[in-house]
Amino acid sequence: MKQRKIANSLVGEIGLGCMGMSWAYGSPDDEESLKVLSRALELGVNHWDTADLYGAGENEKLLSHALKSVRDQVFLATKFGNVYDRSLTSHQDLVASQAGWIVDGTPEYVRKSIDLSLSRLQVDYVDLYYQHRVDDRVPIEETVGAMAELVKSGKVKALGLSEASVETIRRAHAVHPIAAVQSEFSLWTRDYHDDVIPLCKELGIAFVPYSPLGRGFLTGQIKSVNDLADNDWRRMSPRFEEENLRKNLQIVDIVTEIAADHEAKPAQIALAWVLSQGEHLTPIPGTKRLKYLEENAASSEVTLTEKEIALLSSVVPAAGMRYPEGSMSFVNR
Ligand SMILES: NC(=O)c1ccc[n+]([C@@H]2O[C@H](COP(=O)([O-])OP(=O)(O)OC[C@H]3O[C@@H](n4cnc5c(N)ncnc54)[C@H](OP(=O)(O)O)[C@@H]3O)[C@@H](O)[C@H]2O)c1
């Protein structure tokens, strides 16, 4: 596995998103997920991404089992700020988002949430601690100031922001170096291509594309909303509404054609394109299956031609918003 840098650490250029092991995409299978985590390290996939939100803490607890004997081999990232448990927050008056959570970026909440994450993960520190969504009721300087204290106390090695705007990143970076910005980016989600991604390059910040497989859509495995379980989160996403989904299949057709030329899987082409968008990009495809983990890791070996990159870059923007309207108000803040 080729490597790239986040802060001062070298990580496999393909990371592992762990959210779907506990949440959002079908039923969890902890036994298989633990096998995935163990195999990931053998493949050089050492950048693991979780959050306190995923399964309301269950995903961090799952990772604790895998981390026991290999903690020092893993670059471990978690996140705070999306709150399910209202007893933990001072923002009692906020209306919950469609997904059920509210956002809290107060210093008091930052201090509480890291201790809860460390205890669920059963580790002494995390390598990267992200604010999951920017809290527009708290100046970013205050939130990042509190996060910087966690670096001083050794609970956290480096700081990150998720779905932050250009202005927020600049202001945060002036308080304490920001090591990584994690936001949605893939063939069908280009929102940050022209502003945040170049800004990260300029400031020496890693950009961590989440949902780089378009939440599974770009792999060609989802042809209809009926391919998703009844409780699957994607049923709430406008992009997976039947009419939009049908239009978006045009993107998958192009990916599938290029994959055939490389004798590769569409997922590998989608990831190779993300990797081609800059040396500071370290995507974190999510999976709970060994087969997919191995395919995704092998995308590090796929090299696209300039012509293929240009063709993929020219695909039409996706039909439908990437989140339901209520959740869209929390991104690019
Ligand atoms: N910061 C944020 O706000 C935020 C938001 C969303 C996600 N994330 C992070 O980003 C990570 C990745 O994003 P994501 O999981 O939403 O989306 P993704 O990586 O674009 O896609 C995951 C989906 O693709 C499927 N898949 C993975 N590899 C495949 C392959 N080779 N062939 C066919 N299907 C494949 C998975 O199936 P299985 O589930 O069956 O394995 C899963 O349904 C998450 O795990 C999480 O850590 C962060």
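The values are calculated or read from the model by the stated rules, or taken from the named source; none is laboratory data. Note that the coordinates shown come from a computational prediction; the quantities given were computed from them, not determined experimentally. Backbone-built Cβ (ideal geometry, glycine too); neighbour counts: all protein chains shown.
Of the residues making up region 282-295, just one is under 11 Å from Glu13 (Cβ atoms) and within 7 Å of the ligand (Cβ to nearest atom), namely Ile284.
Could you list, ordered by first residue, the pairs with Cβ atoms under 7 Å in which the first is in region 48-70 and in contact (Cβ under 8 Å) with a residue 60 or more places away in the chain and under 16 Å from Leu293 (Cβ atoms) and the second is assigned to a loop (DSSP other than H, G, I, E, B) and more than 8 Å from the ligand (Cβ to nearest atom), at least 6 apart or interchain? Every condition considered, the pairs that remain are Asp49/Gly15.
Search region 208-240 for residues being among the polar types (S, T, N, Q) and within 24 Å of Asp49 (Cα to Cα), and hand back the single one that is surrounded by the fewest Cβ atoms within 10 Å (Cβ to Cβ). Can you show your working first?
So the first thing to find is which residues in region 208-240 are among the polar types (S, T, N, Q), and the list is 211, 219, 221, 224, 226, 231, 237.
With the extra rule that they be within 24 Å of Asp49 (Cα to Cα), the set shrinks to 211, 219, 221, 231, 237.
Numbers: Ser211: 22, Thr219: 25, Gln221: 14, Asn231: 10, Ser237: 21.
Here the residue is Asn231.
Of all residues in region 286-333, those being in contact (Cβ under 8 Å) with a residue 24 or more places away in the chain and over 22 Å from the mean Cα position of the chain (by Cα) number 7.
Only one residue in Glu263, Glu325, Glu279, Glu308 is out of contact with any Asp or Glu (no Cβ under 6 Å at 6 or more places or on another chain) and either under 20 Å from Gly44 (Cα atoms) or within 10 Å of the ligand (Cβ to nearest atom) (or both). Which one? So that I can check it myself, show each step before the final result.
Numbers: Glu263 fails: either under 20 Å from Gly44 (Cα atoms) or within 10 Å of the ligand (Cβ to nearest atom) (or both); Glu325 fails: either under 20 Å from Gly44 (Cα atoms) or within 10 Å of the ligand (Cβ to nearest atom) (or both); Glu308 fails: either under 20 Å from Gly44 (Cα atoms) or within 10 Å of the ligand (Cβ to nearest atom) (or both).
Residue meeting the stated conditions: Glu279.
Of all the listed residues (Ala229, Ala264, Ala259), the sole one being at pLDDT 95 or above and in a loop (DSSP other than H, G, I, E, B) is Ala264.
Here are Leu203, Leu199, Leu249, Leu218: which of them is modelled with pLDDT of 95 or more, aliphatic (A, V, I, L, M) and under 18 Å from the mean Cα position of the chain (by Cα)?
Details: Leu203 fails: under 18 Å from the mean Cα position of the chain (by Cα); Leu199 fails: under 18 Å from the mean Cα position of the chain (by Cα); Leu249 fails: under 18 Å from the mean Cα position of the chain (by Cα).
Going through Leu203, Leu199, Leu249, Leu218 in turn, the sole match is Leu218.
Considering every residue within region 285-298, establish whether at least one is of a type in the set (Val, Ile, Thr), part of a helix (DSSP H, G or I), under 17 Å from Glu184 (Cα atoms) and modelled with pLDDT of 95 or more. Among the residues of region 285-298, not one is of a type in the set (Val, Ile, Thr), part of a helix (DSSP H, G or I), under 17 Å from Glu184 (Cα atoms) and modelled with pLDDT of 95 or more, which makes the answer no. Strands (runs of 3 or more DSSP E) fully within region 75-191 that include at least 1 residues being of a type in the set (Gly, Ala, Ser) and crowded, with 22+ Cβ neighbours inside 10 Å: 75-80, 159-162, 178-184.
Being more than 15 Å from Gly216 (Cα to Cα) and acidic (Asp, Glu): is that true of Glu241 here?
So Glu241 fails the test.
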